[in-house]
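The values are calculated or read from the model by the stated rules, or taken from the named source; none is laboratory data. Predicted model, so just to flag it, every value in this text is computed and none were measured. Glycine gets a Cβ as well: all are built from the backbone with ideal geometry, and neighbour counts include every protein chain shown.
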Amino acid sequence: MVKVEKDGLVGRISYHQLYRHADFKAFLLMAIGSLSAGVAGCTRPLMTLIFAGLVDAFTDFQRGLTQRDVFEEVLRTHVLYFVYLAVGMFITSYLQMLCWDLSSNRQTNLIRTLYLTAILRQSRSFFDTHNAGELSSRLTSDMDLIQNGIGEKVGMFVQAFCTLIAALVIAFVQSWRVTLVLCGLFPFMGVCNVICNRMAARYGIGALKAYAEANNVVEEALSSIRTVMSLGAEQRAVGDFAERLETAEQLGSRKAKAQGLGTGGVQLCMYLAYSIAFFYGSFLIVRDELTPGRLVAVYFALVIGTMRMSSIAPEIAAFGNACSAAYAIFHLIDREPDIAKPRDPTAEPLRPDTVVGRLSFEGVQFKYPSRPGVVVLDDVSFQVEPGKTVALVGQSGSGKSTIVALLERWYEPLAGKVSVDGHELRDLDMAWWRQQIGFVSQEPVLFDLTISENIALGAPADTTPSQEDIIEACKMANAHTFIEKLPDGYNTLVGERGALLSGGQKQRIAIARALIRNPKILLLDEATSALDSTSEKLVQDALERASVGRTTVVVAHRLSTIRNADTIIVMNKGRIIEEGNHRTLVEQNGVYKRLVDMQQVAMDAQEDEDKKVPVDYPFIETDHHVEPEPTRNDEPDLEKGSIAISEVFPHTKAFYSRILALHRPELLPVTAGVICAILGGAIFPTYAVLYGYILQVFTLTDISEMRRQANHWAAGFLVIAVVAGIANYGIHALFGCTGERVTSRLRSMTFAAMLKQEPGWFDREENRTGVLVSRIASDTARVNVLVGSVMGTLVQLAVNIFGGLVVAFVTSWKVTVVTMTCIPLLIVAGMMQMASLKGFGTKTKKAHQKAAHVAIQAMQHHGTVQSLGRETTFLEKYNDALAEPIAAAHRQAYVTGLGYAASNGLGFLANALAFWYGGTLFARREIDMRQMFTVMISTVFGSMASGRASGFAPDIAKAKHSARDLFSILDRHPRIDASLPGTSPTSLHSYHISLRNVWFAYPTRPTQMVLRGLDLDIEPGTTVALVGGSGSGKSTVVGLLERFYDPLHGDILVDGHPLASLDLPSWRQQIGYVGQEPILFDTTIRDNITYGSGPVSDEILLSAAEKANVHEFVSALPLDYDTRVGSKATQLSGGQRQRIAIARALIRNPRILLLDEATSALDSHSEKLVQEALDRVMEGRTAIVVAHRLSTIQNADKIVVMDSGAVAEVGTHSELVALGGVYKELVGMQNLDV
């Protein structure tokens, strides 16, 4: 029964296991809900007994066997019975809906928490093979499937099942012979159901897996939106998404066909049973072994029972989907992390009272689980004495960061042991151990919180740091000054992944976060790589002070940061090749000495320029307090918080026409589906007509004529049986397949629309990655209700209701008019249900999206969460975010149940009213028995259809709200629209770039100017380097040149053309961009290098790889260029990731290179090789280089020193050194002379 793929993430559990997390209160609610559903289910079959008594009373009166007063007395009694059933139905239906809703909410909220808990406790090896997009999809869309399978649909199923059981009991009591004959068809119905449902479940499992993989594409692209845009890879991302959706769509269509086959088969057998019932029943009536009333009771009981059971296809599908979705989620909840247990399994993990800090590696060997053929550490042994600092240097991929990962216990060594103070790490309590460590990585991770909240995460989990503690840590990390300048200071939101801060600012906050916990052990993995020289020196001094008395392990490529380390270990290919301090290693004149020489910055200016001041470039002095004059018109600025009304309240007039427009490519199957739905809906009114004639037959006194006409009308049910089978198959298969295609199209359209938005749109809190992924995963799934098989069912029900009214009016307009007085009440009940759902839906949905964003952040940055020991903190944040939707869902349950209960109860009142008034007319001889029961059956089936339709109200309300949210994204016009035509950059000649009086502030911080009147000329074919303190505006210039943003004031010109007038996709194709935090995608190395460039030959690929110094290490991998890099490329070192990113930029053969700290994560050897390659490829190209390592830009044609968003100094390296200003001070800080 269970199929397992990829660590058990695909399979199916038994249904009862869905309730494994139910507590006593949930079971109590389910018990009350089930009991209520059972009683509600029994009320409709009980109605058949009232029908039987009325049929006999009507028959006897028409035959003249009873007097009018007797008939009227019997009529009044039975009408009261209907009223009693209405009251009972209202109460039990309300309790049924309420209890199952509350129970499912309670269970799924617990499952959500357990699932996130389980994910956050997994080891890093788990995340090497499971991406955050797939895991977050299970937390959103899959959790909805589970709730759907254990919520109100269970009550519906219990009600339907009890309806069938009660119907069978009543039928057997009334006539066991007829019932037994009819039950002979039940096995065929059961076999058809079982086979088709199993097929549907199997296809549903595959579809869920495909959707999870597709959502990973969304999560990767949206969380790396600037990289995707810079590569012009929007269409590539949409294509990858559509490719995965195609698989899901095909499996979903097969599932719909299987469900249609099952439903059609059941309907065929059911109407065939009705034909047999009247054929055989008339035979028994002729023999006086059965009365017409008892036959009606048998027949009508089985009609109600089988029809109710045949309508549970959506419930059965929901149960199957829930079992499929729960398998993956429960498997992960139960999964134990791949972390070695203590040597003594019976012993409690150790939590020593004190930590001295003596670290020891003894014969450690290690291979990453995802690359078992590549040795990363080979017999590594070394010891770090307490309070000492050990630095690890060497080429990228030599194993430095792996040592840090083993100390963090993200992985376990394959051989050897890692110890602290004589205790193996595996024997220590892992949470306690991580609390002893302060960790800063080369790619600092900040969360979408305020600066204070981010820093406070570094404190021990059981303490809350004061604001003074936070400020002190920031001062130590040289972060306090720039934070104070922000409009909201320490309360400034940093954005997703800290996107609203520069790289250096992020890293200083990460350092402050590490220092605030006052750790016993410091692990610094390229902790200052993104800092400018001034900040680096200040922070390095702070780190050295902080290291006093602490054991410190430093991974560094900038050797200036580790020259004072007690021990420096040089690594190569997983082995230690040199060990000593800075002086001794330099004296050895070995590998380390060569690395030092590579990083020396030339201090000698040419003699004839010793006193020369650079005058060829303007020196710009800007009044830092002057604000630019407003240049924008009075139209609302979306990026400054004035959001267009149409974005909040999208136009609703054309809502349904847009839904229909989505179906236009499927016009033929939709038309066929509508025809099938009309046929399916028309069956019930036709059935009412046949039923009236058959009852009329039983009033005949001529036995032979009765027998002949009974057989005639029984044959009519054979025709209905065939039509019902075909129609119901068509409804589910055609609408189901259409729904899958339309939903896939809507997903692709929404994803494409998101990728068209400008980066500033993604900076808004409501458009974080987690929220947008949730929209595509959950909103489109909810919209399927409006476009899938449910819509077909609703069309069928609408035809049923409308057709029934037409038949009733034609048969007896008087009875129909009186009966219709209940219809406004039914409409009011439905509207009340829809209104309550709509009112609660908006708040609940937004709150769920906020909670999803918290969870996705934690999953994306699981390593940081674990190293901070903040798993519980993020769980609390997640639960806090869930509190609002939980409370709203509870309030909603109390209100929406009223509408459902009213819809069910009013049906019985309609029957009572119809029988009372119809019986009165019948007693006056104004209508006959055929007319009376034709109207009655039309009314009964109409009320059943109305009640059934009201059951879809929650799904429809959610679908409409989700559709409007999606349409608001589709309708939004981006501020920077890449689809607008413009001047082709290929028509330009020299690519002379000019920035004229450019002022800029980020949309989320409109009062803080990042650039203040910047003037800058970039000559064609020259290399211009931007240097200066973190936050001075260097990376902002790169962002403006990529047109991620437009300046608030001033102009950016290319050959005299405004940048905004150029064709944006073509402009970005001319640019090769490498950021300081390289983003790779969860695909092969080959695909990452060619991402956004389309198909390229192997020769071009290898050429780019060799120029970026990436070919050698890739060739050593078992699958070379076909090796998958894993989620967030965690299977590669930082230097390896950056070299692949450089190769990706070079393969485009760009006219302009934008290098934002492009070599910051490289070791000295790789940096030298890559820098030489970059120097070669920059020849004849315009290059803008942002750098903190001055050795990489000393040969630039122009070096621009920036300060506070303006130009402070301009010149060549020698000119600026001779000037003796800020630049010379920066050079002096990076000199490595002994």
Residue ID - farthest from the chain's Cα centre (by Cα), chosen from residues in the stretch 1055-1089 that are among the charged types (D, E, K, R) and under 18 Å from Q757 (Cα atoms): D1063
Filtered residue count, the stretch 453-477, keeping only those that are buried (at least 18 other Cβ atoms within 10 Å of the Cβ) and of a type in the set (S, T, Y): 0
The stretch 1088-1102: number of residues that are over 19 Å from S230 (Cβ atoms) and either in contact with a His (Cβ under 7 Å, 6 or more places away or on another chain) or touching a residue at least 12 places away in the same chain (Cβ under 8 Å) (or both): 3
Test result for T450, in contact with an Asp or Glu (Cβ under 6 Å, 6 or more places away or on another chain) and not basic (K, R): no
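Do we find a residue being in a helix (DSSP H, G or I), of a type in the set (D, E) and within 52 Å of the chain's Cα centre (by Cα) anywhere in the stretch 107-128?
yes
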Close pairs (9 angstrom Cβ cut-off, 6 or more residues apart or separate chains): assigned to a helix (DSSP H, G or I) in the stretch 174-197, among the aromatic types (F, W, Y) and at pLDDT below 80 anywhere: V178/Y299; L182/Y274; L182/Y299
Unique match (being crowded, with 22+ Cβ neighbours inside 10 Å and touching a residue at least 12 places away in the same chain (Cβ under 8 Å)) among T129, T92: T92
Of all residues making up the stretch 1074-1087, the number that are within 14 Å of R1139 (Cα to Cα), without any contact (Cβ under 8 Å) to a residue 60 or more places away in the chain and surrounded by fewer than 24 Cβ atoms within 10 Å (Cβ to Cβ): 1
Unique match (being out of contact with any Cys (no Cβ under 9 Å at 6 or more places or on another chain), buried (at least 20 other Cβ atoms within 10 Å of the Cβ), part of a loop (DSSP other than H, G, I, E, B) and among the hydrophobic types (A, V, I, L, M, F, W, C)) among L406, L446: L446
Single condition T842 does not satisfy, out of (1) at pLDDT 80 or above; (2) surrounded by fewer than 21 Cβ atoms within 10 Å (Cβ to Cβ); (3) of a type in the set (V, I, T); (4) out of contact with any helix residue (DSSP H, G or I) (no Cβ under 6 Å at 6 or more places or on another chain): (1)
Number of the condition not met by T738 [criteria: (1) hydroxyl-bearing (S, T, Y); (2) modelled with pLDDT under 85; (3) buried (at least 24 other Cβ atoms within 10 Å of the Cβ)]: (2)
Conditions (1) in a helix (DSSP H, G or I); (2) surrounded by fewer than 17 Cβ atoms within 10 Å (Cβ to Cβ); number of the one not met by G680: (2)
Residue in the stretch 1220-1234 that is at pLDDT 85 or above and crowded, with 22+ Cβ neighbours inside 10 Å present: yes
Residue among G232, G293, G260, G264 that alone is assigned to a loop (DSSP other than H, G, I, E, B) and in contact (Cβ under 8 Å) with a residue 40 or more places away in the chain: G232
Filter pass, S141 being among the hydroxyl-bearing types (S, T, Y) and buried (at least 24 other Cβ atoms within 10 Å of the Cβ): no
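Kindly check whether there is at least one residue in the stretch 13-21 that is in contact with a Lys or Arg (Cβ under 7 Å, 6 or more places away or on another chain), in a helix (DSSP H, G or I) and either surrounded by fewer than 18 Cβ atoms within 10 Å (Cβ to Cβ) or modelled with pLDDT under 90 (or both).
Looking for residues that are in contact with a Lys or Arg (Cβ under 7 Å, 6 or more places away or on another chain), in a helix (DSSP H, G or I) and either surrounded by fewer than 18 Cβ atoms within 10 Å (Cβ to Cβ) or modelled with pLDDT under 90 (or both), one finds none in the stretch 13-21, hence no.
Quick one: which of A431, A461, A391, A456 is in contact with a Ser or Thr (Cβ under 8 Å, 6 or more places away or on another chain) and modelled with pLDDT under 85?
Testing whether each residue is in contact with a Ser or Thr (Cβ under 8 Å, 6 or more places away or on another chain) and modelled with pLDDT under 85 leaves just A461.
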Test: residue in the stretch 498-508 that is at pLDDT below 80, more than 14 Å from E443 (Cα to Cα) and either within 38 Å of the chain's Cα centre (by Cα) or surrounded by fewer than 23 Cβ atoms within 10 Å (Cβ to Cβ) (or both): yes
Pair list, Cβ under 7 Å, 6 or more apart: the stretch 910-935 residue under 18 Å from E73 (Cβ atoms) and touching a residue at least 60 places away in the same chain (Cβ under 8 Å), other residue surrounded by fewer than 24 Cβ atoms within 10 Å (Cβ to Cβ) and charged (D, E, K, R): L921/K814; A923/R68; A923/E72
Residue list for the stretch 691-705, filter: of a type in the set (A, V, I, L, M, F, W, C) and either buried (at least 19 other Cβ atoms within 10 Å of the Cβ) or not assigned by TED's automatic domain parsing to the domain that holds A798 (or both): I694, L695, V697, F698
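Residue-by-condition table, conditions (1) in contact with a helix residue (DSSP H, G or I) (Cβ under 6 Å, 6 or more places away or on another chain); (2) more than 27 Å from A727 (Cβ to Cβ); (3) touching a residue at least 12 places away in the same chain (Cβ under 8 Å):
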residue	(1), (2), (3)
F279	yes, no, yes
R308	yes, no, yes
N321	yes, no, yes
I333	yes, yes, yes
T354	no, yes, no
G357	no, yes, yes
Condition broken by T873, with the remaining ones in (1) in contact with a His (Cβ under 8 Å, 6 or more places away or on another chain); (2) surrounded by fewer than 20 Cβ atoms within 10 Å (Cβ to Cβ) satisfied: (1)
Total residues in the stretch 742-788, condition polar (S, T, N, Q), under 12 Å from the mean Cα position of the chain (by Cα) and surrounded by fewer than 24 Cβ atoms within 10 Å (Cβ to Cβ): 1
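From L1174, L1146, L1162, L1169, which residue is of a type outside the set (K, R) and at pLDDT 75 or above? Steps first, answer last, please.
Numbers: L1174 fails: at pLDDT 75 or above; L1162 fails: at pLDDT 75 or above; L1169 fails: at pLDDT 75 or above.
Testing whether each residue is of a type outside the set (K, R) and at pLDDT 75 or above leaves just L1146.
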Any hit, the stretch 1083-1091, residues being at pLDDT 85 or above and among the charged types (D, E, K, R): yes
Filter result for T1004 (crowded, with 17+ Cβ neighbours inside 10 Å, among the hydroxyl-bearing types (S, T, Y) and in contact with a Gly (Cβ under 9 Å, 6 or more places away or on another chain)): yes
Index of the failed condition, T567 passing every other in (1) touching a residue at least 12 places away in the same chain (Cβ under 8 Å); (2) surrounded by fewer than 16 Cβ atoms within 10 Å (Cβ to Cβ): (2)
